[in-house]
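The numbers here are math on the coordinates, done by the rules we state, and not lab data. In this text the structure is predicted, and so the values were computed from the model without any measurement. As a convention, Cβ positions derive from the backbone with ideal geometry for all residues, glycine included, and neighbour counts pool all protein chains shown.
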């Protein structure tokens, strides 16, 4: 049988970096092929070449035996290549059918298109109403719209870029069923991920990339997560060392009936949230993205202060109306999910970015900056947190996502916060750095800090948290001890249905 | 084949600083073309415009005299510009500073106190800052765009000074000219070099550059404002006050423009007239950008801009060109700077046919 897609010796050179270096890849019809690798390993670049977004510097691509070089995504689509991006490209104020119509070369009849969408969604188990407005859809539903958009063009190859990072475990299972069905009909699938268990469950073959090169090809069913991780990062994964959580430490963060209407018309209103985080414990908040996590972060950090004082209590102070500076003074540290532009100033040096939040640690004299103290702090942070960079003068944006995240985490931890609030601690961070960051959080908790982690990665929460709660549609579930619950139960809660919740009515945002 | 601008991954830092020099060179070249197009000998035009103003010590003193208000205003504006606070109304703040400083001089016209001049400086600063506080207030309270508000206030300030010198402050012995009476000697800034018009305002401007340098590059407040300018979300995350940034940015520009205005009436003019400003408030915006919002750069950029002013006067006299030739050169300088900056951040790509 002719391979559907074959890459030979693909090399892509950017001015500063070689993203792909001699990559060979063969995908057969009906094969689900995983492309596995850490962040920055070159997966995205490779997919962009296949989809015609960018062109290789060297090497050849064969499509069903014929040499091709897709000039642009439209060309790739006419060949039969479809791609579902990690970040969706949908217009929120338009309906599903209108969004789909926009991607078509000619203006279609919306009625007929709606019927087509309905048929495809029936056939592949992707229920979505074509007439609904996109902003009212859950993330899982939006992803279905993206997939349907691709399927309408009957692709022969479907590229999925980290598709499960926004889904509940149950939704992941449904997606896998759809993908298996597609593959059984002969459609090839390129599945990009760094989640080893998913790849084992779904994929027939895996090509592993590290630093732009292929480090191995394997059949995931015959491997263990450990052996694949070794291929991916070149060494064994460290196992986090726990230590005992303190029982009944003092309450460092208390949310007492926090309600807040979002300014953003497509945002989520927070509704009557109650939570306590004590000294010496890590509390995790799970949930599908877009269910109020961002709004909760803004309310806790003070970036969007509340009208009332009591709903947010930090170290016994009623902090609801305080701005971030005053909350930090109380002893709170804070790591936002956006690293560049919020957690760090992209075009400033690492030293300047230390000054950003650590300035209370003896970096100022009479309102003037003590540059020596700043540089010393930055150097300490770089050394202790193993940040790969060009030194304290390196620009923040020159660091890889994982290294910048280590730096920001280090900056907040070195200030010895009494309360640390972290969003997505390892989002987009490679496996090795993620393990390091999780260990740092556990160590900090053991030393007595109260930590609140908001994350969309369930595995991560189960690995580091002492208690877990779920946020769904702006409401927070009760917390449960991690040892007394499991992924299944939290997964159900993520769709808004926990004991005593009022969302049996189906208003939840989860598919 | 159509050219397309493509963002550079890593804009060159060296080019960022070279771009003002490139803009100057292109402006000179453009000048030669314009002289030729106007039927003048380009080499002669170049000589008259750029060299003859500096042929003697008096010429150099005039250069520093003209550069003084530009330096003062530009360094004040740079404080705000670095934080994305766009005060475009320095011209109006300059005028109100001149009115306030001049008002003190007129009110105490009998006084010989050495405190009179310091009082006038303070009054000028307050006047300019007051005028700039209007856009600051409207921006922080109602989110009104400070570009529009500050710009519109320029016209109000112009009408205000016009009314004063045509009305209540008109010199009764001034043959009905729209001007105040001449200030007393004690209200005139001391001359620095005998035989020239260069006065103590130049020292104030140098002091302002130094203070500006310390504020922008050494102080924590300056750092906070720079963060606000580069990444608003990061400033909010770190807990820096956005309102304080806006107020500081606008008041710094206003106060400096006000002092510059006071220095003009208390220096070369010696009285308040309708035409107190020579467009310094707008030219200083160009100076601030050509100087890369950096006090050292602003020093040199203001000398260059002053030379354009002097060259324009010479060109009127000796080449019989209209006075607007100065503005043509200012415009070219800004145009070439912005153009060069585009190519620092972007490159041209020629792509065949339609893309996507």
**Asked** Quick one: which of B:264-274, A:269-279, A:134-144 comes out on top by average Cβ neighbours within 10 Å, and what's the full order, highest first?
**Response** B:264-274, A:134-144, A:269-279
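With the convex hull built on the Cα atoms of the range A:5-233, state its orientation-averaged projected area in nm².
Computing the convex hull of the Cα atoms and averaging its projections yields 12.3 nm².
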**Message:** Angle check, please: helix A:110-123 long axis (alpha carbons) against the longest principal axis of chain A (alpha carbons), in degrees 0 to 90, nearest 10.
**Reply:** 80 degrees
**Asked** Listed highest first by mean packing, meaning other Cβ atoms within 10 Å per residue, what order do A:31-38, B:224-231, B:162-169 come in?
**Response** A:31-38, B:224-231, B:162-169
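Just from its helices, what would the mean residue ellipticity at 222 nm be for chain A, if runs of 4 or more DSSP H residues each count -39500 (n - 2.57) and the sum is divided by every residue, rounded to the nearest 500 deg cm²/dmol?
Result for chain A: -9500 deg cm²/dmol, rounded to the nearest 500.
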**Item:** Distance from the range A:152-208 to the range B:72-98 (C-alpha centre basis), Å
**Value:** 58 Å
**Asked** Tell me, what is the Rg over Rh of the range B:173-253, with Rh the Kirkwood radius over Cα pairs?
**Response** 1.25
**Asked** So for the range A:445-493, what are the equivalent ellipsoid semi-axes in whole Å, largest first, each being the square root of 5 times an eigenvalue of the Cα gyration tensor?
**Response** 18, 13, 10
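Rg(Cα) of the range B:206-262 divided by 2.2 N^0.38 Å? Kindly include the intermediate steps, with their values, before the conclusion.
On the way: Rg = 12.5 Å, N = 57, 2.2 N^0.38 = 10.2 Å.
Compared with the compact-globule rule of thumb, the range B:206-262 sits at 1.22.
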**Item:** Packing-based order for A:291-301, A:366-376, using average beta carbon neighbours within 10 Å, highest first
**Value:** A:291-301, A:366-376
**Message:** Helix A:371-384 against the longest principal axis of chain A: what's the angle in degrees, Cα atoms only, rounded to the nearest 10?
**Reply:** 60 degrees
**Complete:** Note: A:337-343 gets an average of partner chain Cβ contacts (10 Å, Cβ to Cβ) equal to 4
**Asked** Among B:96, B:104, B:121, which one shows the biggest mean-square fluctuation in a GNM of chain B, springs joining Cα atoms closer than 10 Å?
**Response** B:104
**Request:** Determine the calculated [θ] at 222 nm for chain B from helices alone, applying -39500 (n - 2.57) to every DSSP H run no shorter than 4 residues and normalising by the residue count; nearest 500 deg cm²/dmol.
**Result:** -22500 deg cm²/dmol
**Fill in**
residue A:372 and residue B:316 label points (each 7 Å along its Cα→Cβ direction) are spaced in nm at 5.6 nm
**Message:** For the range A:442-456 and the range A:1-39, what is the centre-to-centre distance using only Cα atoms, to the nearest Å?
**Reply:** 39 Å
**Request:** Treat each spin label as a single point 7 Å out from the Cα along the C-beta direction, and report the residue B:242 to residue B:2 distance in nm.
**Result:** 3.6 nm
**Request:** Can you tell me the equivalent ellipsoid semi-axes for the range B:32-72? Use √(5λ) from the Cα gyration tensor, largest first, whole Å.
**Result:** 26, 13, 5
**Asked** If we restrict to alpha carbons, what Rg and Dmax does the protein assembly as shown come to, in Å?
**Response** 32.8, 106
**Asked** Can you give the average number of partner chain beta-carbon atoms within 10 Å of each beta-carbon in peptide B:227-236, as a whole number?
**Response** 6
**Prompt:** Where does the range B:9-89 land on Rg/Rh, using Cα atoms and the Kirkwood Rh?
**Reply:** 1.09
**Prompt:** FRET efficiency for residue A:93 and residue B:203, Cβ-Cβ distance as r, R0 = 51 Å, nearest 0.05?
**Reply:** 0.30
**Complete:** For chain A, the longest principal axis of the Cα atoms and the Cα long axis of helix A:139-151 enclose an angle in degrees, to the nearest 10, of 20 degrees
**Asked** To the nearest 0.05, what FRET efficiency results for residue A:135 and residue B:18 with a Förster distance of 51 Å applied to their C-beta separation?
**Response** 0.65
**Request:** Taking only the C-alpha atoms, wrap a convex hull around chain B and report its volume per residue in Å³ as a whole number.
**Result:** 177 Å³
**Message:** Can you give me the C-alpha center-to-center distance between the range A:322-398 and the range B:295-355, rounded to a whole angstrom?
**Reply:** 38 Å
**Prompt:** For chain A, what log10 I(q)/I(0) values come out of the Debye formula at q = 0.07, 0.08, 0.11 1/Å, with one point per alpha carbon and no solvent?
**Reply:** -0.42, -0.55, -1.03
**Complete:** Expressed as a whole number, the average count of other chain Cβ atoms within 10 Å around the Cβ atoms of A:291-304 is 1
**Request:** Compute the distance in nm between two label points, each set 7 Å from the Cα along the Cα-to-Cβ direction, one at residue A:250 and one at residue B:38.
**Result:** 7.6 nm
**Asked** If r is the Cβ-Cβ distance from residue A:318 to residue B:214 and R0 is 35 Å, what FRET efficiency results, to the nearest 0.05?
**Response** 0.35
